[in-house]
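Inspection log for the structure reproduced underneath, given as structure tokens.
The values are calculated or read from the model by the stated rules, or taken from the named source; none is laboratory data. Note that this is a predicted model, so its numbers are computed, not measured. Positions of Cβ are backbone-derived with ideal geometry, glycine not excepted, and every protein chain shown enters the neighbour counts.
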Amino acid sequence: MRIDICLASNDNYAKYMATTIASILSNSKEDEEIYFHIISENISDDSKQKILSLKKIKEFNINFIEPKQEIFQYISKYKMKAYSTWFRLSIPSLIPNVEKIVYLDSDMIINNSLRELFLDNDLDNYYAFVVEDVMDKIDLVKEGINFKKEDKYFNAGFLMINNKLWKEENLEYKFYDTIDKMSLLSFKDQDILNYCLKDRVKFIDKKWNFLESKSCYKKNKPDINNLNILHFVGKPWKEKGNIGFFTNEFWKYYQLTPWFLERPIDAIETILYQRLSDYENTKLKINDIKFFGIYHNRNTLQIVLFFIKITIEMNFENVNKIAWFIPIKKYREAFKRAFNV
């Protein structure tokens, strides 16, 4: 079964997009053929090669697409450092030969197969399947695009798009025209999408775009087995990011990327900072579960930090990289001997 997925990123965000890709590949079904359509805002050749290396998880097809220059004449008034998310407005012309495609933000972890979305024929009747946004002060956001309080507003990080209908009804240029006519909007392209697609989208279960932030969901921790897509609006790669319920899921898949293998210490330092900062809110059952430890055999080093398992394949290069951070010579040499280096 063919699964078409669109992501958009610049080079700085490529490592996080790769983490999303790693999670998709890890949780796809054997009979699914994954086609990635990457709208690239100056993604470097080096980053592209690193993304291609994820084929070690599962084979996939990928196409790196340059954004349309035309869109910049409309969005330049926002004077942003990066415009990647705006490029989803151009999907009909950038990816014209696909009738159904799912757009995903690059701060997501996919926890299950996406095939259910592609098998739902009800999409034929809508511009897109979407998930309602649950951000704070959502009513103020609605006011900015003349929505009533009872109107539903969606988070555009997930869009299951009826691309055939978007092309037939020339939505891309409706988007551009709306950008041109409207004043500056708080949530930019997300506001444009909500305004232009109003009453022609189907709101589906939040499991398809779970906003992974304790500020959005103040109730008890949900069951991850009931969630298909985790949307890390709190940016879990930042030391002072908004720690969510499932930050460990981000690190689980980040480990599969070349960026982690190049600098594992950076990830470990961030995890330590996050977990120590969040310590008061962490219920530790020390007698039941290991929340800190370092374990190894001749080929592998495993570090457990507050329930997160980080596994590093200990080749010559990685041993020397990690040993460099050990300040006392005798311990540094002992570490190397443990891995026959």
Could you tell me whether any residue of segment 140-160 is farther than 28 Å from Glu70 by Cα and touching a strand residue (DSSP E or B) at 6+ places or on another chain (Cβ under 8 Å)? yes
Please go through segment 79-136 and give me each residue that is of a type in the set (Val, Ile, Thr) and over 29 Å from Asn225 (Cα atoms), ordered by number. Ile91, Ile95, Val98
Given segment 1-87, what helices (runs of 4 or more DSSP H) lie entirely inside it while holding 2 or more residues that are surrounded by 20 or more Cβ atoms within 10 Å (Cβ to Cβ) and modelled with pLDDT of 95 or more? 14-27, 45-52
For Ile268, only one of the following conditions fails: (1) modelled with pLDDT under 90; (2) more than 11 Å from Tyr16 (Cα to Cα); (3) in a loop (DSSP other than H, G, I, E, B); (4) among the hydrophobic types (A, V, I, L, M, F, W, C). What is its number? (3)
